[in-house]
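Student: Have a look at this one before I ask anything.
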Amino acid sequence: MPEIFINGQPVAAHDGETVLEAALRNGHYIPYFCWHKSLSIAGNCRICVVQPEGKNWVEIACNMPAAEGTRVLTDSDLVKTHRKMTLQFITLNHPVDCGICDKAGECTLQDYHYEYNGERSISNVPKVQSTKFVELSSRIVLDNERCILCSRCVRFTREISKTNAIGIKQRGDESLVRASEDGALETDAYSDNVVDICPVGALLSRRFLHQARVWYLKPTPSVCPGCSRGCSVDFWHRRREWKLNALDPKQNVSIARVTPRENPEVNGPWICNTGRDLPDLLGRARALQPMQKGQPVDGAAAVAAARALIEGARKPVALVSSWGSTEELAAFAKHLGGKFASFVKSDRQPAEGEVLEDDLLIKADKNPNTRSAKQIFGDAAPRFDEGTDLVLVWGEGCSFADLPRGAKVVFLGSWLAPENGHADVFIPVSIQTERAGHYTNFEGVVSGFEPCFPKPAGVVDAEALFALLAPPTGLRA
Ligand code: SF4
Ligand code: SF4
Ligand code: FES
């Protein structure tokens, strides 16, 4: 373990680390734009300069090996002067249109300007203008005037998603980030990560474009239910104190955007575009009305009817949800497991055009908690014996046409669907954004999620419902 000295203080570096990495890990902040811990070193932005002790020059810390005895200063007058000059240079042609930029509030250029420069531009020549709204793909737009040419986006598509979908063409102040002409960015299943790693507001998500200022939003830790990887994510939604009552109140209970929450055990710093599109999947029209044979009833009547069907059934089968939390699955096993022959159902199948599986993150099983469900209920394929007289269907992914003719059906669902009205009893249940719980991913890693919104009226938590549906002890099989 090499020992280095930052501002005279000893720091234990790891073998192979750079001065920047050792400094950041030990609480000595050095600013950086182009460096990213999961990408190769480009060394092009020059904001990370440090001064070797006793020398009258600066060097970039992101490409300086932390060799035994290295001594650097991170806040000398020379370093401060160079940082200022670098920021003057980077903002020479930058439009400073922070007022209309989605990155405002999360922009490192904005932060560093206030922290390390704070002065007006010393240039007296007009800024070079460039293209402002370039559609790189159907998901991403580019503002070339804001681009600081750090090349993070280029390296991401070369090294992580491996599509080589973004490049930089031309030279000097005519340099332009552009998508490759083969359309690879359109089919890059991880393309939206470049929006996160762009240190400025040059690359923007079309689905989030001008939808909210980030300081009106708060992130709630969650787990992507899009596949059995179970990536750690943040669901961003409006803060309580910034609720929109005069505009569209639906925005108060909608996910504004999804970003990765770094988790080295599961997804590192990335997620795929399916995770970004969860607001569509989770924001579908909800089922809020309990029903009996398609007729609206109140919640208590629906529960009583379902309970009577369960008590009276002789050969009931349950198709349990691979989207249920581990807590809900355990509650089902505790309260109803003795009564039902239970099988784990695949709630979601791959959508048309969705990547089935790859060697980065995406898994073929498009359900988040299959592993927990199968640990509790086994992994036999669903089957109905002769005489099956009741099927309890929990969650999506079941065609009622495949159920045994004549069997009664109790359906627990969350979204509007034709099946709701065809069930003998339909009870609406809450979704992931309305409750807390855990999923176990395909490798056995357990991750938790928190509620973002209150449950709508008429909806119950499946965990509480299973206790209400439990038959009296003497009637259990
Ligand atoms: S678009 Fe963003 S990530 Fe790409 S080079 Fe420009 S500043 Fe860097
Ligand atoms: S890889 Fe799977 S869990 Fe991760 S973001 Fe994509 S769909 Fe969600
Ligand atoms: S972070 Fe070191 S040169 Fe950009």
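Student: Would the stretch 321-476 count as rounded, prolate or oblate if I go by the C-alpha gyration tensor, calling it rounded below 1.5 in a/c and otherwise prolate when a/b exceeds b/c, oblate otherwise?
Tutor: rounded
Student: Could you put 233, 393, 303 in order, starting from the residue whose Cβ has the fewest other Cβ atoms within 10 Å?
Tutor: The order, fewest Cβ neighbours first, is 303, 393, 233.
Student: Right, something else. In the stretch 85-143, what trypsin sites (Lys or Arg not before Pro) fall in a loop by DSSP, with at most 14 other Cβ atoms inside 10 Å?
Tutor: Within the stretch 85-143, the qualifying trypsin sites (Lys or Arg not before Pro) (loop, at most 14 other Cβ atoms within 10 Å) are 120, 132.
Student: For residue 339, go through the aspartates and glutamates and keep the ones whose alpha-carbon is under 20 Å away, minus same-chain ones fewer than eight residues off.
Tutor: Hits, sequence-local ones excluded: 311, 327, 328, 379, 385, 386, 389, 424, 463.
Student: Report the GluC sites (Glu not before Pro) located in the stretch 376-477 that are in a DSSP loop and have at most 13 other Cβ atoms inside 10 Å of their Cβ, or state none.
Tutor: Those satisfying the criteria are 386, 443.
Student: Can I ask one more? Counting other Cβ atoms within 10 Å, which chymotrypsin sites (Phe, Trp or Tyr not before Pro) in the stretch 89-136 have at most 14 and lie in a DSSP loop?
Tutor: Passing both the DSSP loop test and the Cβ count: 133.
Student: In addition: On a full-extension model of 0.36 nm per residue, what is the gain between residue 135 and residue 96, subtracting their alpha-carbon distance, rounded to one decimal in nm?
Tutor: Residue separation times 0.36 nm, minus the Cα-Cα distance, leaves 12.0 nm.
Student: Please give the length that would be gained between residue 12 and residue 210 if that part of the chain were fully extended, namely 0.36 nm times their separation in residues minus their C-alpha to C-alpha distance (nm, one decimal).
Tutor: Gain in length upon complete extension: 66.8 nm.
Student: Further question: From the square roots a ≥ b ≥ c of the eigenvalues of the alpha-carbon gyration tensor of the stretch 170-249, which class results: rounded (a/c under 1.5), prolate (a/b over b/c), or oblate?
Tutor: Here the stretch 170-249 falls in the oblate category.
Student: Checking the a/c ratio against 1.5 first, then a/b against b/c, what shape does the Cα gyration tensor give for the stretch 1-87?
Tutor: oblate
Student: Now for a separate question. Could you pull out the pairs from 37/103; 334/363; 363/455; 132/250 whose alpha carbons sit more than 26 Å apart here?
Tutor: Listed pairs above 26 Å: 334/363; 363/455; 132/250.
Student: Let me ask something else. Using a simple charge model, +1 on the beta-carbon of Lys and Arg, -1 on the beta-carbon of Asp and Glu, nothing else, what dipole does the stretch 1-124 show about its Cα centre, in debye to the nearest 20?
Tutor: Dipole of the stretch 1-124, to the nearest 20 debye: 280 debye.
Student: Take each uninterrupted DSSP H stretch in the chain, measure its Cα extent along the helix axis, and return the ones at 15 Å or beyond whose mean Kyte-Doolittle hydropathy is at least -0.5.
Tutor: Span-like helices in the chain: 77-90, 299-312.
No lab work stands behind these numbers, since they all come straight from the coordinates. These figures come from a predicted structure and were not determined experimentally. All Cβ positions, even for glycine, are placed from backbone atoms using ideal geometry, and neighbour counts span all protein chains on display.
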